[in-house]
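The values are calculated or read from the model by the stated rules, or taken from the named source; none is laboratory data. Since the structure is predicted, the reported quantities are computational estimates derived from the model, not experimental observations. Quick reminder, even Gly has a Cβ in these numbers, built from the backbone with ideal geometry, and neighbours come from all protein chains shown. Surface accessibility is based on the protein's heavy atoms, side chains included, excluding ligands, DNA and RNA. Shrake-Rupley method; radii C 1.70, N 1.55, O 1.52, S 1.80 Å.
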Amino acid sequence: MQGILENLVQEGDCVIDGTVGNGHDTLFLAKLVGHTGSIHGFDIQAEAIAATQKRLEDAGIMGDHIQLHHCSHDQIGEKVPEKIKAAVFNLGFLPGGDKSIITMTDSTLPAIAQACEKCLPNGVISIMCYPGHAGGDKEALGVETFLSRLPHARWRVAKYQILNTSSPAPFQICAFRLDD
Ligand code: SAM
C-alpha cells in the first residue's frame with residue numbers, strides 16, 4: 001500500500017484515513033501531505049482516536065490540518081468538504097483492542113462509495129481486506145464486488161494478494177481514478 005500512496009500523494013494534498021486504529025497509517029499519510037495538506041481520520045472507537053492523536057503528537061505532527069472524527073466512516077460525505085487525493089481503509093478490528101468490534105459491510109460500502117465520489121482525477125482509494133476473521137469474508141467479497149463494478153471509463157481497479165501464505169490471505173484493492 002505504502003509505495004502506491006507515496007507515488008500519488010504529494011505535499012499539500014487532502015486525504016482520508018477511514019479507519020485510524022492505532023494511527024500508523026494516519027502518521028504515514030501525515031508525513032506525505034505535510035503541514036500544507038490536510039487529513040480527515042475516522043474511527044468509531046474513542047480508544048483508537050486517542051491512540052492516533054498521541055502517535056501524531058509524539059511525532060510532532062498533530063495540528064489543525066488533521067481532523068480526527070470519532071464517528072463511522074459512512075459519514076465521510078458530511079464531514080469532508082474537500083475533494084481528496086486518496087483514501088485508505090484498513091478493515092477489520094483494532095490490533096490490541098476489542099476483536100469483536102469490526103468494520104461491517106453495511107457501513108464499509110457506503111463509506112467507500114462516498115470516498116470515490118470525493119476522489120480527484122489521478123487519486124486512489126485503497127482498501128485492505130481481511131477475509132480470515134468471522135464476518136471479514138463477507139465484507140471482503142462485498143468490497144471486491146462493489147469495486148469491480150466501478151465504471152471502466154473512469155476507474156482502474158486492481159487487487160493485490162500474497163499467495164504463498166496461510167489461507168484466506170488478506171488482500172488490498174486499489175481503485176485508481178483516471179484523468180478526466
Ligand atoms: N489503520 C489502522 C492503523 O494504522 O493502526 C488500523 C485499523 S484497524 C485494522 C480497523 C479499525 O476500524 C479499528 O480501529 C475499528 O475501530 C475501526 N472501525 C470499525 N468500524 C468502523 C467504522 N464504521 N468507521 C470507522 N472506523 C471503524
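Brief remarks follow.
- Of the residues making up the range 116-132, one or more are modelled with pLDDT under 95 and open to solvent by 30 Å² or more (accessible area, probe 1.4 Å).
- Of the residues in the range 38-57, at least one is near the ligand (Cβ under 7 Å from one of its atoms) and in contact with a strand residue (DSSP E or B) (Cβ under 7 Å, 6 or more places away or on another chain).
- In the range 12-29, the residues that are in contact with a helix residue (DSSP H, G or I) (Cβ under 6 Å, 6 or more places away or on another chain), without any contact (Cβ under 8 Å) to a residue 60 or more places away in the chain and either away from the ligand (no atom under 11 Å from the Cβ) or open to solvent by 10 Å² or more (accessible area, probe 1.4 Å) (or both): Leu27
- Residue match in the range 156-179 (condition: surrounded by 14 or more Cβ atoms within 10 Å (Cβ to Cβ) and within 26 Å of Gln53 (Cα to Cα)): yes
- Test: residue in the range 96-103 that is open to solvent by less than 50 Å² (accessible area, probe 1.4 Å), assigned to a loop (DSSP other than H, G, I, E, B) and under 24 Å from Asn22 (Cβ atoms): yes
- Residue check for Ala46: small (Gly, Ala, Ser), without any contact (Cβ under 8 Å) to a residue 60 or more places away in the chain and surrounded by 13 or more Cβ atoms within 10 Å (Cβ to Cβ): no
- Qualifying residue in the range 92-107 (condition: touching a helix residue (DSSP H, G or I) at 6+ places or on another chain (Cβ under 7 Å), at pLDDT 95 or above and under 22 Å from Val9 (Cα atoms)): no
- Test set (1) more than 16 Å from the ligand (Cβ to nearest atom); (2) out of contact with any Asp or Glu (no Cβ under 8 Å at 6 or more places or on another chain) - Lys159 fails condition number: (2)
- On inspection, Gln75 qualifies as open to solvent by 30 Å² or more (accessible area, probe 1.4 Å), within 14 Å of the ligand (Cβ to nearest atom) and out of contact with any Leu (no Cβ under 7 Å at 6 or more places or on another chain).
- Test: residue in the range 135-151 that is under 17 Å from the mean Cα position of the chain (by Cα), surrounded by 13 or more Cβ atoms within 10 Å (Cβ to Cβ) and either part of a strand (DSSP E or B) or modelled with pLDDT under 95 (or both): no
- Those residues of the range 1-11 which are part of a helix (DSSP H, G or I) and away from the ligand (no atom under 12 Å from the Cβ), in sequence order: Gly3, Ile4, Leu5, Glu6, Asn7, Leu8
- Residue within the range 149-172 that is closer than 20 Å to Gly41 by Cβ and of a type in the set (Phe, Trp, Tyr) present: no
- In summary, Ala111 fulfils each of the numbered conditions (1) closer than 18 Å to Ile16 by Cα; (2) of a type outside the set (Ser, Thr, Tyr); (3) more than 9 Å from the ligand (Cβ to nearest atom) with the single exception of condition (3).
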